[in-house]
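**Student:** I'd like to ask you about the structure that follows.
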Amino acid sequence: MKRAMSLVDGKDWDATEFGAREESWRRSRREHLTCLACGEPAFFRAESGDRRPTFGARHNSTCTFVVRAPWSVFKYLQ
């Protein structure tokens, strides 16, 4: 994910902006991140080698970030 919500400051953070902050600042917020869509706990993945900074989450089964609409399969058949 490119964005996550910090419960500490109530801000919707971009992963690149979050990753650019000091380590001590990030550490104080790492335990308090959530998915913007389902509100489940999220986590930060720092930049490493070719990988850009991102967020991950333990999404619930109805999260719109992971649940595909039933009709989405048709875009691959066109």
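**Student:** Can you find, within the stretch 14-34, the residue that is farthest from the chain's Cα centre (by Cα) among those that are within 25 Å of SER61 (Cβ to Cβ) and at pLDDT 95 or above?
**Tutor:** Top of the filtered list is HIS32.
**Student:** Could you please give the count of residues in the stretch 1-39 that are open to solvent by 50 Å² or more (accessible area, probe 1.4 Å), not polar (S, T, N, Q) and not in a strand (DSSP E or B)?
**Tutor:** Going through the stretch 1-39 one residue at a time, the tally reaches 17.
**Student:** Next question. Of all residues in the stretch 1-31, count the ones that are under 23 Å from VAL66 (Cα atoms) and basic (Lys, Arg).
**Tutor:** Going through the stretch 1-31 one residue at a time, the tally reaches 4.
**Student:** Which members of the stretch 40-69 meet the condition of being touching a residue at least 24 places away in the same chain (Cβ under 8 Å) and either over 21 Å from THR16 (Cα atoms) or part of a loop (DSSP other than H, G, I, E, B) (or both)?
**Tutor:** Scanning the stretch 40-69 gives ALA46, GLU47, ARG52, PRO53, HIS59, THR62, CYS63, THR64, PHE65.
**Student:** Right, another one. Quickly run through the stretch 35-50 and pick out the residues that are under 23 Å from THR62 (Cβ atoms) and out of contact with any Phe, Trp or Tyr (no Cβ under 6 Å at 6 or more places or on another chain).
**Tutor:** Those that are under 23 Å from THR62 (Cβ atoms) and out of contact with any Phe, Trp or Tyr (no Cβ under 6 Å at 6 or more places or on another chain): CYS35, LEU36, CYS38, GLY39, GLU40, PRO41, PHE43.
The values are calculated or read from the model by the stated rules, or taken from the named source; none is laboratory data. What you are looking at is a predicted structure, and each value in this text was computed from that prediction instead of being measured. In this analysis, Cβ positions are derived from the backbone assuming ideal geometry, glycine residues included, and neighbour counts consider all displayed protein chains. In case anyone asks, the SASA skips ligands and DNA or RNA and just uses the protein heavy atoms, side chains included. Shrake-Rupley method; radii C 1.70, N 1.55, O 1.52, S 1.80 Å.
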